[in-house]
1. DSSP beta bridges in the chain, what fraction antiparallel, as a percent rounded to 5?
2. Once each part is reduced to its C-alpha centroid, what is the distance from region 153-212 to region 4-48 in angstrom?
3. How much mean residue ellipticity at 222 nm does the chain get from its helices, if each DSSP H run of length 4 or more adds -39500 (n - 2.57) and you divide by all residues, to the nearest 500 deg cm²/dmol?
4. Give the Cα extents of region 263-304 along the principal axes, in whole Å, largest first.
5. From the square roots a ≥ b ≥ c of the eigenvalues of the alpha-carbon gyration tensor of region 229-284, which class results: rounded (a/c under 1.5), prolate (a/b over b/c), or oblate?
6. Given C-alpha coordinates of region 140-200, what is the ratio Rg to Rh with the Kirkwood estimate of Rh?
7. Taking region 1-40 as the region of interest, what is the percent of Cα-Cα pairs per 10 angstrom bin, listed from the shortest bin to the one with the maximum distance?
8. Taking springs between alpha-carbon atoms closer than 10 angstrom, which of 139, 67, 255 fluctuates most in the Gaussian network model of the chain?
């Protein structure tokens, strides 16, 4: 099952089940996936069971919703964006170290004593990122992106701040979560994501990774309810003036990862501050495919497109540049 959030033609929030690439069925009695999840928790139902229980007879054109730019992110905290936490992990995919090493102009064919920190972290994940059930695996690289205010809707612009050195796509799978009243995390499902980062800033020094991640992001348009297929295969492309100027396949799913999803989740939610009742979480699982790794230079107006089965519609966002003025701190 796949879900979307969108605005109706009269500008009301709504949730729908995706039937096909051009058809959705609206759910009654809920206006957000967050509300739907709260109902499922209260009624002790799975998210799929609760969705089917609220299925209406109203079917709409998915194409119209997209073309009229009425899509919302498939998950948000509708009452308070500050109660959605956006985070991620890196060096989690089998090709990610090579991409990172290329970006940092490093090599990987060295003895352990000569390995870069990037390669050491990747090697730890390969050796201990998929522990047996009930055991704890090695910690992944972890980063913070922001709260729900940095999430932009599918079809909307990803705005790179004026001080950024570049703005580049990162095609990933994101996990979407809610914390129940007792502090227990529940996974709602998964979405395609564009984690979007400043790779030139990161390339200066890997310790600038934290700065490079403080950018907007997007995910959707669909929330895949249930388990993620072990082998996700899709495309990441950049469209400029209507023409594809860069394109590459990307893979995800545990078959293509050095960490299990359960291990990534365990090392995120082991922190009590991430188990605050009522909070929502978006956690990006990493990538191994970047146009920056190929030396491609993005420009304002470029359209990022990321698509993969089993999602019926790709995620598209346009790159924009903000000519902002630096904030000056004042004494009070």
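Rule-based calculations on the coordinates, nothing more; no lab input. These numbers come from a predicted model, not from an experiment. Glycine gets a Cβ as well: all are built from the backbone with ideal geometry, and neighbour counts include every protein chain shown.
1. Details: 62 of 73 bridges.
Roughly 85 percent of the DSSP beta bridges within the chain come out antiparallel.
2. Region 153-212 and region 4-48 have Cα centres separated by 24 Å.
3. Working: 8 runs with 63 residues, N = 332.
Result for the chain: -5000 deg cm²/dmol, rounded to the nearest 500.
4. The Cα atoms of region 263-304 stretch 41, 23, 12 Å along the principal axes, largest first.
5. Oblate is the answer for region 229-284, as a/c is 1.5 or above yet b/c matches or exceeds a/b.
6. That ratio is 1.02, to two decimals.
7. Binned Cα distances yield the sequence 31, 56, 14.
8. So, out of 139, 67, 255, the one fluctuating most is 67.
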